[in-house]
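Notes follow the structure.
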Amino acid sequence: MPVDSLEQLDKYCKRTLIRSTRQHERFGSLEDEAHRALANPGIWDHEWAPPELDYGRAAEHPVHRAFTREQKLAWSHLHWVMDYITVAQGEQQVVILNGMAARRFAAVCPSVCALQERESAEEADHVAAFFLVKDAVEARYFPRDVPLRVDATSGTRSGRLNRGIRWLIGEGADRIFGSNFPTLFFMTRGMKSHAFKPFEIAYSRHEPSHPAIRALSELHGWDESRHIASAQHLARLANPILDAVPQENQFLFRLAMERLWPRGRVVDYRASYWRRCLAHATVFASVPSEDREALADHIERQLPRSLAALHPLQETLVAKTNRRMVEESGLSPELKREFVGFLRADPTQASVVSSVRIEA
């Protein structure tokens, strides 16, 4: 076991735990911040989502351009929900898997377990906050008997089914991948969190938005910056510190990748979400059904084109970090190549590893 790496990780975890505690003592929970935001009726008079984050390019279509001000605001609020419930569903998975991935460190570096317990509590707080806002948006724009649903971007499409199998997925991955499980988990967690980071910065700085809504993005971003850094450290140091023999079954590794990064899901979940909103949100009921269908078709056509490259906000930050995350991870060269090759085979995911170079 490399002593220097162990000491480095231990110091990082203890220092980060202190920073987290101090931040939350000063600013409180994100759920409390969401309650305060929703108590302010003025939030509904502002757009929440920066228009440049709309991969479906809805604003270019004449149907969207003809929307009333109320409809355009609703569209922006629904866009916020899509992005942040996607984040929340990922964090629900993290809450379960953090502890499973960290428990291998219990005997050699208990501070990893303490930090991951803390980060899981922060993730649970984020989930509660974002679903609180989602419920308010649903109540405002949807009939009482029609839920506002966002399909999950990993695992199965059903958030309800994913809730039931998260623990089983974690236990199975832990047994199958051995010391590669923490490495693969923290690398994937870091990459997915970092992909949203530039968007969250845009949300927090979007001047037309209400300050109370921007504050949710800013506070969440502080936590996620720490979580991304933790993921980078653990993906790099897990294998050498745990000093275990990696299990190299590439077939099973590919099956895991198919659950973590389902092919085509990043297009499908967005297209399905907007079709659902256009079909059921009462705020769009005055728009003729053929116009709503035309807008939904436009969005579905634009999504693959928009997602084929990194968003301009992501180009520098995400490309650099993903390259470092994968190349410095503890996975063997064979599994790194499998990881990168799998993502490059999906046109909507290839850009996230376009900068990665794995030597033969």
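The values are calculated or read from the model by the stated rules, or taken from the named source; none is laboratory data. Bear in mind the structure is a predicted one, so any value in this text is a computation, not a measurement. As a convention, Cβ positions derive from the backbone with ideal geometry for all residues, glycine included, and neighbour counts pool all protein chains shown. Accessible surface is based on the protein model in full, side chains and every heavy atom, while ligands, DNA and RNA are left aside. Shrake-Rupley method; radii C 1.70, N 1.55, O 1.52, S 1.80 Å.
Can you tell me how many residues within region 333-360 are assigned to a loop (DSSP other than H, G, I, E, B) and under 21 Å from residue 194 (Cβ atoms)?
Qualifying residue count for the region: 9.
I need the full set of residues from region 32-63 which are on the phi > 0 side of the Ramachandran plot and exposed (fewer than 14 other Cβ atoms within 10 Å of the Cβ), in order please.
Result: no residue meets the conditions.
Kindly indicate the residue of region 1-16 that is open to solvent by 50 Å² or more (accessible area, probe 1.4 Å) and in a helix (DSSP H, G or I) and also farthest from residue 303 (Cα to Cα) among those meeting that condition.
Per the stated criteria, the residue is 3.
Could you please find all residues in region 228-263 being over 24 Å from residue 115 (Cα atoms), at pLDDT 75 or above and surrounded by 14 or more Cβ atoms within 10 Å (Cβ to Cβ)?
257, 261, 262, 263
Does region 23-31 include one or more residues that are among the aromatic types (Phe, Trp, Tyr), under 30 Å from residue 110 (Cβ atoms) and either open to solvent by 40 Å² or more (accessible area, probe 1.4 Å) or not in a helix (DSSP H, G or I) (or both)?
Yes, the conditions are met somewhere in region 23-31.
Confirm whether residue 90 is crowded, with 18+ Cβ neighbours inside 10 Å and in a loop (DSSP other than H, G, I, E, B).
Against the criterion (crowded, with 18+ Cβ neighbours inside 10 Å and in a loop (DSSP other than H, G, I, E, B)), residue 90 does not qualify.
For the structure I just gave you, tell me whether residue 176 is in contact with a helix residue (DSSP H, G or I) (Cβ under 6 Å, 6 or more places away or on another chain), farther than 24 Å from residue 317 by Cα, modelled with pLDDT under 85 and β-branched (Val, Ile, Thr).
yes
Of the residues that sit in region 93-112 and are in a loop (DSSP other than H, G, I, E, B) and either in contact (Cβ under 8 Å) with a residue 12 or more places away in the chain or open to solvent by less than 40 Å² (accessible area, probe 1.4 Å) (or both), which one is farthest from residue 43 (Cα to Cα)? Reasoning before the result, please.
Start the filter on region 93-112 by keeping residues that are in a loop (DSSP other than H, G, I, E, B), which leaves 106-109.
So of that shortlist, the ones also either in contact (Cβ under 8 Å) with a residue 12 or more places away in the chain or open to solvent by less than 40 Å² (accessible area, probe 1.4 Å) (or both) come out as 108-109.
Working: 108: 48, 109: 45 Å.
Step by step, filter region 93-112, then rank; the result is 108.
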